[in-house]
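A.B. asks: First, the structure itself, so that you have it in front of you.
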Amino acid sequence: MTTQQLTGAEMVVKALAELDVEYIFGYPGGSVLDIYDAIFNQDDVEHVLVRHEQAATHMADGYARATGHVGVVLATSGPGATNCVTGIATAYMDSIPMVVLAGQVASSLIGDDAFQETDIVGCSRPIVKHSFSCRSLKDIPNVIAKAFYIANTGRPGPVVVELPKDILIPDHTAAFEMNKDVNLRAYNPNVKGHQKQIRKAVSTITQAKRLVIYSGGGIISANASELLTSLVERLKAPITNTLMGLGGISGLHDNFIGMLGMHGSLEANKAMANADVILALGARFDDRVTNKVEKFCPNATIVHVDIDPTSISKTINAHIPIVGLVDIVMQQLIEEIDAQEYVVDETINQNWWQQINEWRQVKSISYQQDQGKIKPQRVIESLYEVTHGDAYISSDVGQHQMFAAQYYPFKKPRQWINSGGLGTMGFGLPAAMGVKMAFPDAESVCVTGDGSIQMNIQELSTCLQYNLPVKIISLNNRSLGMVRQWQDMIYGGRHSSSYMESLPDFIKLAESYGHIGIQINHLDELDEKLAQAFAIKDRLVFVDILVDEKEHVYPMQIKHGAVDEMWLSKGVKA
Amino acid sequence: MRRILAILLENEPGSLSRIVGLFSQRAFNIETLSVAPTEDASLSRITIVTKGDDRVLEQIVKQVNKLIDVIKITDLTERNHVERELLLVKVLAMTDKARTEVTRITEIFRGSIVDIGKQVYTIELTGDVEKINAFIGILANETEIIESVRSGTVGIARGEKALRI
């Protein structure tokens, strides 16, 4: 503890520095100019100026997903704060640690409809883990410390801190007192699994004849990938990941049977449907996983491990619920399995794997590439080759997102960065920029489409200012592919507002922002031009790839069906 | 099924709106809500009467508990408890007959007349929901109800069980 006299604005910046914040992503405006002045006068924390506040939230989000550290956003009151709302909701749905510092008009003006006043605490209430309205100068350091603590413990999530202008201005100073050892009486996030439940879970798991491990984003946020891998290997069990959980175990691992759910692999969904025991780890039985809830795995005993009790038995009833941090609980499970001296029954296990391998042989994740237009799946495969499977892949939302999830096996956690819960178009580019800020030497790729990229394309300017040489791989199908796919399948092929007329020349656009643009029109130039793009290390390259606009994402769960009822291709059911 | 939930939470700005917001956001029902600080001024206590089956109630309890401000929540319906509601009602009392009847009914229900105007009586009554409903029904038969206000239910567990830090 120090007792230096500081202004509120100085306190904000000092508090961030004390919490080891490297970057603030933000945009200045009237109510936060004092904070910007304080930022100007120091070197501990670097501010990154975006071109739209939504992009600041996604950049902070991408940074947080890649590093596990809290992403920090600074926005002014009114429109600055409301522009953050989509990014806050994105982080909330995917449990990403983020602190949004939002300016507010002076306390004396609050409620008067003052210039650039909005109730951002009210606006964001349903989409934050918690929020603070800081009304006193001396509280600033501890409120920020609490915000960080809440954002990055338990089930992580975004926290909004509202800072009225009158507590930031130079007229007032106070002693900087900050207690980093936060303790909140109503919030205890460090939860261990109940030992009785652990024993029950282990005896169920060890008696299973057809066990499936189903893991989600919780494994990523708990940094529990190694533990998960050893649990999988100890049990010799098949494992499937949710969209959020990809990379939780290496996509190249023999026991990995692919993503499950709407566009998951047939073997993953079949294994779930036929399992007698499902061990769910840090996953939440989202509707994009379960398909029709009433038909979901009726014969399985479900062991559900999650830090958030509200996720348990919300949509699917858990027979053995375990509330706890997934890394701690997995450790407990492994200890109990060892204590019981459990040995996998090879006959039973091999029978189960034999069945799974039959489903695998259907090769549900496949496509036909003829000499015509480039198939989008082929682009992702080439991308994997040219990056050796080591790039950070930040995705936008739509068909390209699903193709990336299906055709780019992620070897490591935090390598796959996408808006899984909210499905926010415009997420990809700023997220890839946040990743690049965190790891300048790593390859950071934004996989996007001609629809999504235009939702935050202004950030090409930020990329130039901060020299962020991300690679943009745009699967350009001249349409909103996923919307078009649903219209083809469900709406009689009526393409209502799903095609993009008057697209810009993306190459010239990239060039006008000071970057390099490469267009790929033909299959025979795909690999060569991609290699060319990735050979350029110090410049942003926008690769605009004209792909087959008629391609659909398969396999796909049949609407209102069971988890394993799927279309394998147009008109072909599994 | 009708449920009475007792919630102990931080007495901070915004705490109540988080609870109310949660109920509307997740399409939970609020029949009555009553809130006030406790003897420890840093804490507020809320009683919410809601409706829902076991599954909905489990989600309500978990979702409320998840709020950072909430210290404890308990379902009073599950155990022996005392619940009360306060009614203030203003009725027309212009004739002798009406005045006599209103006074008699109030005495029977162990309410009290707390204010008298030229033409109106104001009555206070405490009780559970059934008693208050019955009282209002009978009053309405005898005279005209001008205005009424109910506090919403408050509740507390019987015996040693207590909702505290």
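The values are calculated or read from the model by the stated rules, or taken from the named source; none is laboratory data. From a predicted model like this one, the values you see are computed outputs, not experimental measurements. Here the Cβ positions follow ideal geometry from the backbone for every residue, glycine too, while neighbour counts run over all protein chains shown.
A.B. asks: Taking A:I365, is it touching a residue at least 60 places away in the same chain (Cβ under 8 Å), within 30 Å of A:S474 (Cβ to Cβ) and in the same structural domain as A:L546 (by TED's automatic domain parsing)?
C.D. replies: no
A.B. asks: Answer yes if at least one residue in the stretch A:339-349 is at pLDDT 95 or above and crowded, with 19+ Cβ neighbours inside 10 Å, and no otherwise.
C.D. replies: No, every residue in the stretch A:339-349 fails to be at pLDDT 95 or above and crowded, with 19+ Cβ neighbours inside 10 Å.
A.B. asks: Take the conditions part of a helix (DSSP H, G or I), away from every other protein chain (no Cβ under 14 Å), touching a strand residue (DSSP E or B) at 6+ places or on another chain (Cβ under 9 Å) and touching a residue at least 24 places away in the same chain (Cβ under 8 Å) and apply them to A:V303. Does it pass?
C.D. replies: no
A.B. asks: So, one more: Name every residue in the stretch A:161-210 that is of a type outside the set (K, R) and within 14 Å of chain B (Cβ to nearest Cβ), in order of residue number.
C.D. replies: A:V161, A:E162, A:P164, A:V182, A:N183, A:L184, A:A186, A:Y187, A:N188, A:P189, A:V191
A.B. asks: Can you tell me which residue within the stretch B:18-44, out of those that are among the polar types (S, T, N, Q) and under 21 Å from B:M1 (Cβ atoms), is nearest to the other protein chains (Cβ to nearest Cβ)?
C.D. replies: B:S24
A.B. asks: Suppose we filter B:L57, B:L67 for residues that are within 14 Å of another protein chain (Cβ to nearest Cβ) and either surrounded by fewer than 17 Cβ atoms within 10 Å (Cβ to Cβ) or closer than 12 Å to B:I19 by Cα (or both); which single one remains?
C.D. replies: Unique residue meeting the criteria: B:L67.
A.B. asks: Which helices (runs of 4 or more DSSP H) sit wholly inside the stretch A:20-138 and have at least 1 residues that are modelled with pLDDT of 95 or more, away from chain B (no Cβ under 14 Å) and under 28 Å from A:H172 (Cβ atoms)?
C.D. replies: Per the criteria, A:33-40, A:53-67, A:79-82.
A.B. asks: State whether one or more residues within the stretch A:350-368 are surrounded by fewer than 17 Cβ atoms within 10 Å (Cβ to Cβ), away from every other protein chain (no Cβ under 14 Å), basic (K, R) and in a helix (DSSP H, G or I).
C.D. replies: no
A.B. asks: Quick check: is even one residue across the stretch A:548-555 in contact with a strand residue (DSSP E or B) (Cβ under 7 Å, 6 or more places away or on another chain), in a strand (DSSP E or B) and closer than 24 Å to A:G261 by Cβ?
C.D. replies: no
A.B. asks: Quick check: is even one residue across the stretch A:169-184 at pLDDT 95 or above, in a helix (DSSP H, G or I) and either in contact with a strand residue (DSSP E or B) (Cβ under 8 Å, 6 or more places away or on another chain) or in the same structural domain as A:A60 (by TED's automatic domain parsing) (or both)?
C.D. replies: Among the residues of the stretch A:169-184, not one is at pLDDT 95 or above, in a helix (DSSP H, G or I) and either in contact with a strand residue (DSSP E or B) (Cβ under 8 Å, 6 or more places away or on another chain) or in the same structural domain as A:A60 (by TED's automatic domain parsing) (or both), which makes the answer no.
A.B. asks: Determine whether B:V49 is away from chain A (no Cβ under 12 Å) and of a type in the set (A, V, I, L, M). First the steps, then the outcome.
C.D. replies: Details: away from chain A (no Cβ under 12 Å): yes; of a type in the set (A, V, I, L, M): yes.
The answer is yes for B:V49.
A.B. asks: Kindly provide the set of residues from the stretch B:72-103 that are over 30 Å from B:L8 (Cα atoms) and either touching a Phe, Trp or Tyr at 6+ places or on another chain (Cβ under 8 Å) or not aliphatic (A, V, I, L, M) (or both), ordered by number.
C.D. replies: Result: B:K90, B:V91, B:A93, B:T95, B:D96, B:K97, B:R99, B:T100, B:E101, B:V102, B:T103.
A.B. asks: On to the next question. Just give me the residues in the stretch B:12-42 being farther than 24 Å from A:V143 by Cβ, of a type in the set (A, V, I, L, M, F, W, C) and in contact (Cβ under 8 Å) with a residue 24 or more places away in the chain, in sequence order.
C.D. replies: Listed by number, the residues that qualify are B:F23, B:F28, B:L33.
A.B. asks: Scan the stretch A:318-335 for residues that are in a helix (DSSP H, G or I) and surrounded by fewer than 20 Cβ atoms within 10 Å (Cβ to Cβ) and jot them down.
C.D. replies: A:I328, A:Q331, A:I334, A:E335
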